[in-house]
1. For residues in the stretch 96-129 being of a type in the set (Gly, Ala, Ser) and part of a helix (DSSP H, G or I), which is surrounded by the fewest Cβ atoms within 10 Å (Cβ to Cβ)?
2. Got at least one residue in the stretch 131-141 being among the β-branched types (Val, Ile, Thr), part of a loop (DSSP other than H, G, I, E, B) and under 23 Å from Lys69 (Cβ atoms)?
3. Which residues, counting only those in the stretch 70-95, are without any contact (Cβ under 8 Å) to a residue 12 or more places away in the chain and in a loop (DSSP other than H, G, I, E, B)?
4. Of everything in the stretch 136-163, what is among the hydrophobic types (A, V, I, L, M, F, W, C) and touching a residue at least 12 places away in the same chain (Cβ under 8 Å)? Give them in sequence order.
5. Can you tell me which residues in the stretch 60-69 are in a loop (DSSP other than H, G, I, E, B) and either surrounded by 15 or more Cβ atoms within 10 Å (Cβ to Cβ) or more than 20 Å from the chain's Cα centre (by Cα) (or both)?
6. Within the stretch 130-161, restricting attention to residues that are closer than 15 Å to Ser97 by Cα and basic (Lys, Arg), which residue is modelled with the highest pLDDT?
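The values are calculated or read from the model by the stated rules, or taken from the named source; none is laboratory data. Worth saying up front: this structure is predicted, and the values here are computed from it rather than measured. Quick reminder, even Gly has a Cβ in these numbers, built from the backbone with ideal geometry, and neighbours come from all protein chains shown.
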Amino acid sequence: ALPPHLESLEGLQGIENHITATQDIPRLSSIQVIKSQTQVEEEEEGDDDETEELGHTETYADYIPSKSKIGKHHPDRVVETSTLSSVPPPDITYVLSLPESIAENGSLSALQLEAIIYACQEHENLLPNGQRAGFLIGDGAGVGKGRTIAGIIYENYLKGRKKALW
């Protein structure tokens, strides 16, 4: 039967037959919960083993300039997708005019110098309307796009090009 303070509520007559007493619901002990968590962890580890067996590879690969061999290693870790790392970059045909000291003292890293080379190599191309071809630098945060662009402007300045669009 319902407690006396609930009997006056309309629409609740007979509801006591549909309510399951909480003491009838089995409670999980902390040991069962811990065991369940352990089982989940073991299953997840098993999934990892299956993934390795199927030959899945890493998503990212460390990026190291492959065609340019000048400059010091970049101070931070730089990565690219494994898919992109499987595509070889274009051959380098451009010769830098920047002072050697920039590469030797680490003012610009090998990664930044490579971007400068490819940008300036593209700047050698003239479009049908007579303008120079541009170059997009899509590096992530912290790679040094500002330093790279400054290097591109300096290189173009050394080649006699006095205008730059940043």
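1. Ser101
2. yes
3. If the condition is that a residue be without any contact (Cβ under 8 Å) to a residue 12 or more places away in the chain and in a loop (DSSP other than H, G, I, E, B), then Ser86, Val87, Val95 are the ones that fit.
4. Ile137, Val143, Ile149, Ile152, Ile153, Leu158
5. Tyr63, Pro65, Ser66, Lys67, Ser68, Lys69 - these are the residues of the stretch 60-69 that are in a loop (DSSP other than H, G, I, E, B) and either surrounded by 15 or more Cβ atoms within 10 Å (Cβ to Cβ) or more than 20 Å from the chain's Cα centre (by Cα) (or both).
6. Looking at the filtered set, the residue picked out is Lys159.
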